[in-house]
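**Student:** Pasting a structure below so you can have a look.
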Amino acid sequence: MGIAPVRRRQSAFAAGLATLAMALGFTAIPADAAPPPNVDYVALGDSYTAGTGAGVAERPAGVDCWQSSPGYVDVVGRTGRVELVDNAACHGAVLSVASPTWDPVIYTPTVQEQIQSLVTSGALSADTELVSITAGANDLGFAYVLGVCAFSSEEACRAAVAQATSPQALAFLTTSLTQTYAAIHQAAPNARIMVLGYPLLFEPSSAFAPIPVTNQILMNQATVRVNTAIAAAVSTSNTLYLANAQYVDVTDEFAGHAVNSTDP
């Protein structure tokens, strides 16, 4: 997402991925047993996976997009339980060129293009055991909505949120996400796909100039709708394509760490 980042997103998202231990069978191991081999891990998606806000933005060699380190992918990569094969995520990425917010002028590899690149390089394959992705908010134009809600009236904010999260927009997003998870599964049929939702950016009980409390609430409500669409897409992809995907809700991990919290 091209929005003001939550500074501690890397540790919070890593906490959200704590479910990987159970998902991948990392249960208690007898003392005399050999440790399990590291899991081959690939990440892709938008700025939340790219680590935006976690450090200095850079363009990694061979990657035509912005990333920052240490994002949550780097944190997970240091756990000793995974072998981070590649992180193809890009700040500002949308799902595909069919996205209504895709900008051909300000080029950023789409998630679809990230998948294709990972397949071409061999990073995403039948050997891949774990994939994580955060994506979808950019396809609804959340950066624009945040700008409206930050500097405009409640009425303007409400209208922008309503347009971005209309039933038609959310239906299109859900379908696009379902197709994305299916594409990942096709490329990496043996991988568990961990689909992360988005945190609530604001703590409305706290003052945060220049965004009025009502507008903060409206933005949080919009995030909840996006997360609902993401979870629905995960369910559909599992039903139709046996995608082996799992939705990870990160709102609890971010509770108390919104941009205007005492401990942001």
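**Student:** So for the pair Val105, Val224, with labels modelled 7 Å out along Cα→Cβ, what separation do we get in nm?
**Tutor:** 3.7
**Student:** Follow-up. If you take every residue apart from Leu95 with its C-beta less than 14 Å away from the C-beta of Leu95, what net charge results, scoring Lys and Arg +1 and Asp and Glu -1?
**Tutor:** Charge balance in the 14 Å sphere: -4.
**Student:** Under 20 Å from a label point 7 Å along Cα→Cβ of Gln168: give me every residue in the range 101-131 with its amide N that close.
**Tutor:** Flagged as within label range: 101-103.
**Student:** To the nearest 10 square angstrom, what accessible area does Ser117 show with a 1.4 Å probe?
**Tutor:** For Ser117, the solvent-accessible surface is approximately 70 Å².
**Student:** While we're here: Find how much the distance from Ala159 to Ser205 grows on full extension, using 0.36 nm per residue of separation minus their present alpha carbon separation; answer in nm with one decimal.
**Tutor:** Stretched fully, the Ala159-Ser205 segment lengthens by 14.3 nm.
**Student:** Further, regarding this structure: What ³J(HN,Hα) values, in whole Hz, does the Karplus curve 6.51 cos²θ - 1.76 cosθ + 1.60 give for the range 148-158 when θ = phi - 60°, with x put for Gly and Pro?
**Tutor:** Couplings: 5, 5, 6, 10, 10, 6, 4, 4, 5, 5, 4 Hz.
**Student:** Excluding Tyr107 itself, calculate the net charge of residues whose Cβ lies under 13 Å from the Cβ of Tyr107, where each Lys or Arg counts +1 and each Asp or Glu counts -1.
**Tutor:** Within the 13 Å Cβ shell, the charges total -2.
**Student:** Along Cα→Cβ, 7 Å out, is where each label goes; now give me the distance between the ones at Ala126 and Asn38 in nm to one decimal.
**Tutor:** 2.4
The values are calculated or read from the model by the stated rules, or taken from the named source; none is laboratory data. Since the structure is predicted, the reported quantities are computational estimates derived from the model, not experimental observations. Backbone-built Cβ (ideal geometry, glycine too); neighbour counts: all protein chains shown. Heavy atoms of the whole protein, side chains included, go into the accessibility calculation; ligands, DNA and RNA do not. Shrake-Rupley method; radii C 1.70, N 1.55, O 1.52, S 1.80 Å.
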